[in-house]
Amino acid sequence: MTSAPSDTKASNAMWGGRFTAGVDAIMEAINASIGFDKRLAHQDITGSRAHAAMLAAQGIITDKDAEAIREGLLTVLSEIEAGKFTFRKDLEDIHMNVESRLKEIIGEPAGRLHTARSRNDQVAVDFRLWVRDQCDATIDGIEALLRAFLAQAEAGADWVMPGFTHLQTAQPVTWGHHMMAYVEMLARDLSRFKDARKRMNECPLGAAALAGTSFPIDRFATAAALGFDRPTANSLDSVSDRDFALEYLSAASICAMHLSRFAEELVIWSSAQFRFVRLSDRWTTGSSIMPQKKNPDAAELIRAKIGRIMGSTVALFTIMKGLPLTYSKDMQEDKEQVFDAADSLLLALAAMTGMVTDMAANRESLEKAAASGFSTATDLADWLVRSLNLPFRDAHHVTGSLVKLAEDKGVDLPDLSLEEMQSQHPGITEDVFTVLGVENSVRSRQSYGGTAPDQVRAQVARWKELLA
């Protein structure tokens with residue numbers, strides 16, 4: 001099946017006199033990108049307006065034509081925003097759809113808009129503008145989530161809970177300290193997106209197809225008009241670069257991984273076996289058959305988002321890795337990957353912010369779990385080193401013997417009598433019991449970055465000031 005005559009005419013008009021045959025329907029389907037790149041409409045029109053203004057300022061087109069183009073583009077944008085614009089697949093992409101409609105509105109001056117540019121630099125600037133906007137939105141989303149974690153950390157700065165290694169009870173920590181671990185992770189994510197945004201903030205518009213242009217354009221003017229720091233310095237790199245998209249995806253993958261880790265903890269903590277947290281009804285679902293169930297579906301879906309985002313990252317790296325300079329049609333496959341990853345990440349950030357804001361920690365369950373599993377064994381070993389001057393390896397051995405004794409008796413370390421402790425080392429004194437309680441344990445961890453409540457509060461205050 002071939003395109004209808006009207007489609008053939010449109011395609012020939014778009015390509016000029018080089019082609020005479022119509023576009024086959026299958027070729028049209030594989031070649032067209034309007035189904036997804038229509039999301040770049042706002043950026044495309046913004047870039048075109050800046051380009052037209054520069055052309056007029058440089059005397060390349062008349063002020064009258066530039067004004068007609070400006071007004072026509074605003075009309076096109078209003079139609080798109082109102083949902084009244086008809087996107088045509090035979091016009092391939094957002095650039096040709098906008099230009100075709102512009103010609104219908106203003107006539108001959110529309111043909112002057114494409115002077116001194118190519119779809120190669122046009123799509124490069126559109127896409128860069130879009131990814132830059134996503135960086136800004138992601139930065140806002142991360143900052144909102146950071147504030148939610150800070151609120152949890154501040155409220156529970158001295159609430160004791162178990163710290164884990166290998167998902168086994170290791171040492172007591174505080175709820176606030178655990179929340180602040182995610183503040184540190186997300187802060188690194190924040191810096192990655194800010195760094196990526198800074199690096200991508202160069203304008204490729206004016207590189208034209210690949211070699212620049214003979215027209216006396218002012219690339220610094222268009223860069224400034226579009227909020228870029230400067231124009232890109234090499235026209236070949238300008239149209240073939242997708243590092244900005246790869247860097248966004250890489251940062252998104254790391255951020256999504258962090259979200260997935262906390263989502264996994266929420267799934268575990270909200271289970272009947274742990275009961276560390278209660279999740280809001282807003283972020284859970286019921287079962288169709290088991291009325292007692294409260295499923296952490298939002299957390300599970302956030303946990304799954306990393307698969308989509310990382311998949312998009314790998315896909316774009318794979319697309320780009322074998323391409324010679326400069327532009328190849330393969331690069332049309334870049335946008336859907338980034339669009340999907342951005343949508344997934346922003347949704348995950350918003351959902352996680354809601355869950356963290358609403359979740360209620362079960363202080364009693366946390367404290368009970370913190371005291372189990374001989375969590376103060378390391379405190380005991382440290383006491384033996386400090387008080388009895390034992391080498392740490394010897395202290396480790398004595399502590400291990402005491403743990404076995406307590407385990408055999410079915411009690412925890414603080415429940416052993418002084419005589420029972422002295423059976424493993426005669427030098428142990430009554431003073432040992434001052435370090436064995438979980439409250440004592442966490443208060444003693446006063447090293448910078450430690451779990452002591454005072455340290456947690458200091459870190460909360462520091463981050464609140466930084467975010468302010």
Item to check | Of residues in the stretch 178-195 being within 26 Å of Phe244 (Cβ to Cβ) and of a type in the set (Gly, Ala, Ser), the one surrounded by the fewest Cβ atoms within 10 Å (Cβ to Cβ) | outcome: Ser191
Checklist entry - Taking interchain pairs and intrachain pairs at least six residues apart, which have beta carbon atoms under 6 angstrom, with the first residue in the stretch 141-168 and in contact (Cβ under 8 Å) with a residue 40 or more places away in the chain and in the same structural domain as Ala342 (by the TED database) and the second assigned to a helix (DSSP H, G or I) and acidic (Asp, Glu)? => result Ile142/Asp189; Val160/Glu367
Next on the checklist: Against the definition (in contact with a strand residue (DSSP E or B) (Cβ under 7 Å, 6 or more places away or on another chain) and among the small types (Gly, Ala, Ser)), how does Ser441 come out, yes or no?
Outcome noted: yes
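Can Gly410 be described as under 25 Å from Ala369 (Cα atoms), small (Gly, Ala, Ser) and surrounded by 14 or more Cβ atoms within 10 Å (Cβ to Cβ)?
Values: under 25 Å from Ala369 (Cα atoms): yes; small (Gly, Ala, Ser): yes; surrounded by 14 or more Cβ atoms within 10 Å (Cβ to Cβ): no.
No.
Name the residues in the stretch 67-79 that are in contact with a helix residue (DSSP H, G or I) (Cβ under 7 Å, 6 or more places away or on another chain) and free of Cβ contacts under 8 Å to residues at least 40 places away in the same chain, would you?
To start, the set of residues in the stretch 67-79 that are in contact with a helix residue (DSSP H, G or I) (Cβ under 7 Å, 6 or more places away or on another chain) comprises 68-70, 72-73, 75-77.
Listed by number, the residues that qualify are Arg70, Gly72, Leu73, Thr75, Val76, Leu77.
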Checklist entry - If you scan the stretch 32-68, which residues turn out to be open to solvent by less than 10 Å² (accessible area, probe 1.4 Å) and among the small types (Gly, Ala, Ser)? => result Ser33, Ala41, Gly47, Ser48, Ala52
Item to check | Residues of the stretch 110-152 classified as over 22 Å from the mean Cα position of the chain (by Cα), farther than 22 Å from Val338 by Cβ and in a helix (DSSP H, G or I), total | outcome: 3
Next on the checklist: Looking at the stretch 179-224 only, could you name the residues that are farther than 30 Å from Phe149 by Cβ, part of a helix (DSSP H, G or I) and not hydrophobic (A, V, I, L, M, F, W, C)?
Outcome noted: Arg219, Thr222
Checklist entry - Considering Val398, Val460, Val403, which residue is touching a Phe, Trp or Tyr at 6+ places or on another chain (Cβ under 6 Å), part of a helix (DSSP H, G or I) and surrounded by 12 or more Cβ atoms within 10 Å (Cβ to Cβ)? => result Val403
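Let's see how each residue does on (1) open to solvent by 10 Å² or more (accessible area, probe 1.4 Å); (2) within 30 Å of Arg303 (Cα to Cα); (3) in a helix (DSSP H, G or I):
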position	(1), (2), (3)
Leu346	yes, yes, yes
Ala350	yes, yes, yes
Thr353	yes, yes, yes
Val356	no, yes, yes
Ala381	no, no, yes
Glu419	yes, no, yes
Ile428	no, no, no
Phe433	yes, no, yes
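Look at Arg308 and say whether it is open to solvent by 40 Å² or more (accessible area, probe 1.4 Å) and closer than 26 Å to Met331 by Cβ. Break it down into steps so the answer makes sense when it comes.
Details: open to solvent by 40 Å² or more (accessible area, probe 1.4 Å): yes; closer than 26 Å to Met331 by Cβ: yes.
Yes.
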Item to check | Condition check for Arg303: under 16 Å from Thr353 (Cα atoms) and open to solvent by 50 Å² or more (accessible area, probe 1.4 Å) | outcome: yes
Next on the checklist: Out of Ala272, Ala256, Ala263, Ala252, I need the residue that is more than 30 Å from Ser238 (Cα to Cα), in a helix (DSSP H, G or I) and either open to solvent by less than 80 Å² (accessible area, probe 1.4 Å) or among the aliphatic types (A, V, I, L, M) (or both). Which one?
Outcome noted: Ala263
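So if I check each of Asp431, Asp382, which one is more than 27 Å from Gly156 (Cβ to Cβ) and either in contact with a Cys (Cβ under 8 Å, 6 or more places away or on another chain) or touching a residue at least 40 places away in the same chain (Cβ under 8 Å) (or both)? I'd like the intermediate steps shown before the answer.
On the way: Asp382 fails: more than 27 Å from Gly156 (Cβ to Cβ).
It is Asp431.
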Checklist outcome for this item: Restricting the stretch 81-104 to residues that are surrounded by 15 or more Cβ atoms within 10 Å (Cβ to Cβ) and hydrophobic (A, V, I, L, M, F, W, C), the one nearest to the chain's Cα centre (by Cα) turns out to be Ile94
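The values are calculated or read from the model by the stated rules, or taken from the named source; none is laboratory data. This one's a predicted model, so the numbers in the text were calculated from it and none came from an experiment. As a convention, Cβ positions derive from the backbone with ideal geometry for all residues, glycine included, and neighbour counts pool all protein chains shown. What goes into the accessible areas is simple: the full protein's heavy atoms, side chains included, and nothing from ligands, DNA or RNA. Shrake-Rupley method; radii C 1.70, N 1.55, O 1.52, S 1.80 Å.
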